[in-house]
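> Dropping a structure here in structure tokens format, bear with me for questions.
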Amino acid sequence: MPGPLRYQNPELQDLLASNYVTGTLRGSARKRMETLMRENRNLRDRVRQWEDKLQPLHSNTPEVAPKKSTWDNIASVTGVAADPMLATLKKKLNFYKYLSGFAFACTLALAVLVLVPAAPQPAAINYVAVMKDDNAKPTMVVTLTQAGRVLALDMLEKPQVDQNQKLQLWAVSKVDGSISSLGEISVEKHIEKSLTKPQWGLISDAEYLLVSLETSPGVSRPSDRVLAKGLCVKVEGWQSKTG
């Protein structure tokens with residue numbers, strides 16, 4: 001769907017909104033999304049809907065205070081405790097020695113952040129598919145990273161699978177509608193697997209991804225029991241367009 005009409009697609013709007021709210025879209029992709037939201041009321045509404053869905057998860061998650069041993073372990077692993085900069089910092093903090101242990105823990109954490117090099121940024125995601133069941137409820141999220149050809153799948157709800165059944169992931173071509181297997185997937189909350197070059201080619205050609213329930217290994221076509229299906233969206237390239 002060329003130009004701005006592409007963003008009138010309800011499934012694409014829902015996919016972009018969900019990934020915007022969950023933080024999957026980053027950098028220029030996120031800025032492009034914010035531009036689209038200013039121009040598209042339906043897209044803004046979908047973002048609000050996803051915020052309403054996920055807000056209870058944030059509100060109902062209790063805060064957990066870190067243990068003192070956590071900071072001790074950080075200092076032990078990073079060698080911060082023996083660093084002369086930290087020793088100088090402690091001397092300057094003598095005035096505050098009667099403050100709570102929590103205040104000192106915060107100071108130590110700040111010293112760790114300053115002295116320890118930042119971890120490298122994760123590789124950018126190239127494709128995303130929000131997989132929905134027959135009731136249009138998101139049950140799985142697939143992200144694909146070209147660096148290393150990594151496929152990651154998060155199960156929002158684990159399906160009920162019998163011992164003799166397997167889950168199979170498929171790619172549906174946007175060119176001719178052909179369906180090709182991307183292999184079996186295990187029933188776990190989060191899985192990652194490396195794709196072969198031919199499998200990555202299937203991703204770049206895919207319109208949809210779907211997950212089916214199979215009773216026989218090595219099948220060439222998905223069964224009628226499709227558990228989830230989602231539009232496979234490229235999240236690079238579209239963000240650089242101006243319309």
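The values are calculated or read from the model by the stated rules, or taken from the named source; none is laboratory data. Quantities reported herein were computed from a predicted structural model and do not represent experimental measurements. Glycine also receives a Cβ, built like all others from the backbone with ideal geometry; neighbour counts cover every protein chain displayed.
> Do we find a residue being in contact with a Gly (Cβ under 8 Å, 6 or more places away or on another chain), surrounded by 14 or more Cβ atoms within 10 Å (Cβ to Cβ), in the same structural domain as K132 (by TED's automatic domain parsing) and not hydrophobic (A, V, I, L, M, F, W, C) anywhere in segment 161-175?
As a first pass, look at segment 161-175 and keep what is in contact with a Gly (Cβ under 8 Å, 6 or more places away or on another chain): 168-169.
Then drop every residue that is not surrounded by 14 or more Cβ atoms within 10 Å (Cβ to Cβ), which leaves 168-169.
Right, trim to in the same structural domain as K132 (by TED's automatic domain parsing) and you get 168-169.
Going one step further and asking which of them are not hydrophobic (A, V, I, L, M, F, W, C), we end up with 168.
Within segment 161-175, one or more residues are in contact with a Gly (Cβ under 8 Å, 6 or more places away or on another chain), surrounded by 14 or more Cβ atoms within 10 Å (Cβ to Cβ), in the same structural domain as K132 (by TED's automatic domain parsing) and not hydrophobic (A, V, I, L, M, F, W, C).
Residue by residue, here is whether (1) modelled with pLDDT of 90 or more; (2) at negative phi; (3) part of a strand (DSSP E or B) holds:
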{"residue": "N135", "(1), (2), (3)": "no, yes, no"}
{"residue": "G148", "(1), (2), (3)": "no, no, no"}
{"residue": "E157", "(1), (2), (3)": "no, yes, no"}
{"residue": "V161", "(1), (2), (3)": "no, yes, no"}
{"residue": "L167", "(1), (2), (3)": "yes, yes, yes"}
{"residue": "S181", "(1), (2), (3)": "yes, yes, yes"}
{"residue": "E188", "(1), (2), (3)": "no, yes, no"}
{"residue": "E192", "(1), (2), (3)": "yes, yes, yes"}
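> Any residue at all in segment 9-16 that is part of a helix (DSSP H, G or I), out of contact with any Gly (no Cβ under 6 Å at 6 or more places or on another chain), of a type in the set (D, E) and at pLDDT below 80?
Yes, segment 9-16 contains a residue that is part of a helix (DSSP H, G or I), out of contact with any Gly (no Cβ under 6 Å at 6 or more places or on another chain), of a type in the set (D, E) and at pLDDT below 80.
> Next question. If only one of A129, A152 is assigned to a strand (DSSP E or B), touching a Cys at 6+ places or on another chain (Cβ under 7 Å) and at pLDDT 85 or above, which one is it? Lay out the reasoning, then the answer.
Details: A152 fails: touching a Cys at 6+ places or on another chain (Cβ under 7 Å).
One residue alone meets the criteria, A129.
> Looking only at segment 226-243, which residues are surrounded by fewer than 14 Cβ atoms within 10 Å (Cβ to Cβ) and either modelled with pLDDT of 90 or more or not in a loop (DSSP other than H, G, I, E, B) (or both)? Please lay out each step first, then the result.
Filtering segment 226-243 down to residues surrounded by fewer than 14 Cβ atoms within 10 Å (Cβ to Cβ) leaves 237, 240-243.
Within segment 226-243, S240 is the sole residue that qualifies.
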